[in-house]
1. What percent does the relative contact order of the chain come to when contacts are Cα pairs within less than 8 Å and at least six residues apart?
2. What dipole magnitude, in Debye to the nearest 20, does the chain give about its Cα centre under +1 on Lys/Arg Cβ and -1 on Asp/Glu Cβ?
3. Report D for the chain in µm² per second (integer): Stokes-Einstein, Kirkwood Rh on Cα pairs, 4 °C, 1.567 mPa s.
4. For the chain, what does -39500 (n - 2.57) per DSSP helix run (n ≥ 4), summed and divided by total residues, give at 222 nm, in deg cm²/dmol to the nearest 500?
5. Just to confirm my numbers, what's the Cα centroid distance between the range 151-174 and the range 189-224 in Å?
6. Over the range 64-170, what relative contact order in percent results from Cα pairs under 8 Å that are six or more residues apart?
7. At 0.890 mPa s and 25 °C, plugging the Kirkwood radius over alpha-carbon pairs of the range 164-246 into Stokes-Einstein gives what diffusion coefficient in µm²/s?
8. Can you tally the net charge around Ile263? Count Lys and Arg as +1, Asp and Glu as -1, for every other residue whose Cβ sits under 10 Å from the Cβ of Ile263.
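No lab work stands behind these numbers, since they all come straight from the coordinates. Treat the numbers as computed from the prediction; the structure is a model and nothing was measured. Every residue, glycine as well, gets a Cβ built from its backbone with ideal geometry; the counts of neighbours run over all protein chains shown.
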Amino acid sequence: MQIKELYARGRPVVSFEVFPPKQDTDLADIYAVLDRMSELTPDFISVTYGAGGGKNSGLTAEVASFIQQNHGICSIAHLTCIGANQERILDLLEQVKLKGINNILALRGDLPDASTTGSESTSPGSYRYAEELIRDIRKQGDFCIGAACYPEGHIDCDDLSFDTLCLRRKQEAGADFLITQLFFDNDFFYRFIERVRGGGVTLPISAGVMPILSRRQIERMIFLCGASLPSGIIKLLYKYENNPGDLCRAGIEYAAKQITDLIAHGVDGVHIYTMNKPEIAEFCMKHTGRV
Ligand code: FAD
């Protein structure tokens with residue numbers, strides 16, 4: 001099934017994100033996680049590709065295929081293009097197709113060295129932006145294509161109008177739907193929707209929600225993606241400074257409240273960054289009103 005069809009059903013699309021293991025030998029662990037998550041019947045599950053510098057790229061299609069074959073749940077394989085040439089991308093698309101996957105989340109990927117710019121870190125003939133990848137995937141037959149978007153603007157981009165323009169270019173290149181980066185203040189998301197709809201972006205947009213599990217995780221994430229920390233979160237970090245267990249519980253509850261509010265505002269979809277934890281998926285799922 002193509003994910004774009006799910007958005008046409010007239011109810012919020014609920015999806016989970018998982019990451020593949022670093023080694024083939026650990027596949028059983030993620031399969032056990034997926035056995036539990038599939039009982040929650042999300043509309044689709046996405047599988048990351050080399051996120052956070054992990055050397056697990058080859059297992060993305062493997063795990064995405066497991067989700068479809070063993071649980072009958074639609075899956076989407078993330079694919080990044082930075083530093084890759086067209087031949088490599090066509091090869092990867094062929095591998096994904098052979099595994100029966102026809103949904104791709106087309107991404108640039110994080111630059112190898114955050115201190116370099118896109119043009120310096122890519123070699124001649126290699127991709128620089130997700131838009132180029134989307135255009136090439138569109139030429140390769142019947143893929144449904146998702147793309148990333150950023151309620152507070154991408155961390156490399158300090159001009160929100162340019163950010164909107166980049167998003168419209170992804171739409172024009174052939175993207176079918178969008179998933180946002182995490183955010184902790186729903187007002188950023190609502191303002192973003194207003195901004196991009198005003199800028200001509202008409203695609204369905206799922207709101208990405210990541211529960212806070214620890215202070216370390218949150219510090220790493222805000223550094224990587226530049227999301228703002230609202231005072232509600234800062235208060236939680238302060239209150240549970242010496243109590244990681246309570247911080248984790250409070251973080252998941254905070255995310256659940258975000259989800260309830262997003263659903264009440266009639267969002268197209270909610271994408272839950274599960275961090276491979278079925279209990280997070282379950283708690284968040286309850287707040288979508290689905291179970
Ligand atoms: P792009 O859309 O190419 O944008 C990157 C930057 O370039 C932006 O600042 C944009 O303003 C600018 N830009 C775009 N087009 C142009 C242009 N024509 N001219 C000049 N500037 C331009 N990373 C992984 O490695 N693996 C994953 O599995 C993964 N999954 C993700 C899932 C989601 C839902 C999200 C939101 C992000 C994910 N990422 C993942 C992170 C993503 O790769 C990074 O955020 C990356 O820095 C940007 O990717 P992009 O596809 O948005 O890039």
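1. Reported relative contact order: 20 percent.
2. On the way: 30 positive and 37 negative charges, 83 e Å.
Using Cβ point charges on Lys, Arg, Asp and Glu, the chain gives about 400 debye.
3. Details: Rh = 19.4 Å.
In µm²/s, the coefficient rounds to 67.
4. -13500 deg cm²/dmol
5. If you average the Cα positions of each part, the centres end up 13 Å apart.
6. 27
7. Numbers: Rh = 14.6 Å.
The diffusion coefficient I find is 169 µm²/s.
8. Details: positive: Arg11, Arg290; negative: Asp261.
Value of the local net charge: +1.
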